[in-house]
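Colleague: Structure incoming, see below.
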Amino acid sequence: MILEFNLNGNKYIKDTDPSKRLVDFLRDDMGLTGTKESCGEGECGACTVIVDRKAVSSCLVLTGQINHKSVLTVEGLADPDGSLSPLQKAFIKHGAVQCGYCTPGMLMSATALLYENHTPTEEDVRIALAGNLCRCGDYSAIVDAVLDVAGSAKKAGK
Ligand code: FES
Ligand code: FES
């Protein structure tokens, strides 16, 4: 099936298997290995990408579903010159990365949240990231990073 889509700001026309999972298409066909797979069942959020400004689990999306849509992966967050996005910088500043396996999915869920809500509360952030699991533990650094870049840094407890 010939698919037309935008991926990280670039237009593509590709003949591909529409029944392939999007996570496999991105990693294997497009070479974008920043998107991770963990559970493969829509439970962990590691594979989260953004399709038409909404966060989706790419292990549950078929490649045919991106036809005529825009896809953003973690590789598309930085500027073309390699400068990290404000959210990526905030993750570093707050020490929100440990092993980093969950990080691409966290970044994409948080990016989708910030598209819709420029001044999220701590609760908004926690709800938006509820589907993203981090086995390394401390979610507060991740939440702080998102609040920081949103300009609504958490006051209580800090
Ligand atoms: S790998 Fe897709 S949600 Fe876990
Ligand atoms: S930093 Fe290791 S899983 Fe989140």
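What follows is calculated from the coordinates using simple rules that are stated; it is not laboratory data. Since the model is a prediction, treat every value here as computed from it, not as a measurement. A quick note on method: Cβ atoms are made from the backbone with ideal geometry, for glycine too, and the neighbour counts reach across all protein chains shown.
Colleague: Give the residue, chosen from Leu62, Leu3, that is farther than 19 Å from Gly100 by Cα, surrounded by 17 or more Cβ atoms within 10 Å (Cβ to Cβ) and either in contact with a helix residue (DSSP H, G or I) (Cβ under 6 Å, 6 or more places away or on another chain) or of a type outside the set (S, T, N, Q) (or both). Walk me through it before giving the result.
Modeller: Working: Leu62 fails: surrounded by 17 or more Cβ atoms within 10 Å (Cβ to Cβ).
Result: Leu3 is the single residue among Leu62, Leu3 that is farther than 19 Å from Gly100 by Cα, surrounded by 17 or more Cβ atoms within 10 Å (Cβ to Cβ) and either in contact with a helix residue (DSSP H, G or I) (Cβ under 6 Å, 6 or more places away or on another chain) or of a type outside the set (S, T, N, Q) (or both).
Colleague: Still on this structure, please answer the following. Which pairs have Cβ atoms under 6 Å, sit 6 or more apart or on different chains, and link a residue in the stretch 126-139 that is within 17 Å of Ala150 (Cβ to Cβ) to one that is assigned to a helix (DSSP H, G or I) and within 16 Å of ligand 1 (Cβ to nearest atom)?
Modeller: Filtered contacts from the stretch 126-139: Ala128/Ser109; Leu129/Ser109; Asn132/Gly105; Asn132/Met106; Asn132/Ser109.
Colleague: Quick one: in the stretch 62-94, which of the residues that are within 14 Å of the chain's Cα centre (by Cα) and closer than 23 Å to Met1 by Cβ is farthest from ligand 1 (Cβ to nearest atom)?
Modeller: Among those that are within 14 Å of the chain's Cα centre (by Cα) and closer than 23 Å to Met1 by Cβ, it is Ser70.
Colleague: Pick out the one residue from Ala145, Ala78 that is within 15 Å of ligand 2 (Cβ to nearest atom), out of contact with any Cys (no Cβ under 9 Å at 6 or more places or on another chain) and more than 22 Å from Cys59 (Cα to Cα).
Modeller: On inspection, the qualifying residue turns out to be Ala145.
Colleague: Condition first: surrounded by 18 or more Cβ atoms within 10 Å (Cβ to Cβ) and touching a Lys or Arg at 6+ places or on another chain (Cβ under 7 Å). Now tell me which residues in the stretch 35-57 satisfy that.
Modeller: Thr35, Ala46, Cys47, Val51
Colleague: Only one of His118, His94 is within 13 Å of ligand 2 (Cβ to nearest atom) and more than 23 Å from Glu43 (Cα to Cα); which?
Modeller: Details: His118 fails: within 13 Å of ligand 2 (Cβ to nearest atom).
On inspection, the qualifying residue turns out to be His94.
Colleague: Name the single residue, out of those in the stretch 19-44 being within 13 Å of Val61 (Cα to Cα) and not hydrophobic (A, V, I, L, M, F, W, C), that is farthest from ligand 2 (Cβ to nearest atom).
Modeller: Ser19
Colleague: While we're here: Does Gln65 meet the test of being out of contact with any Cys (no Cβ under 8 Å at 6 or more places or on another chain) and farther than 24 Å from Cys136 by Cα?
Modeller: Spelling it out, Gln65 is indeed out of contact with any Cys (no Cβ under 8 Å at 6 or more places or on another chain) and farther than 24 Å from Cys136 by Cα.
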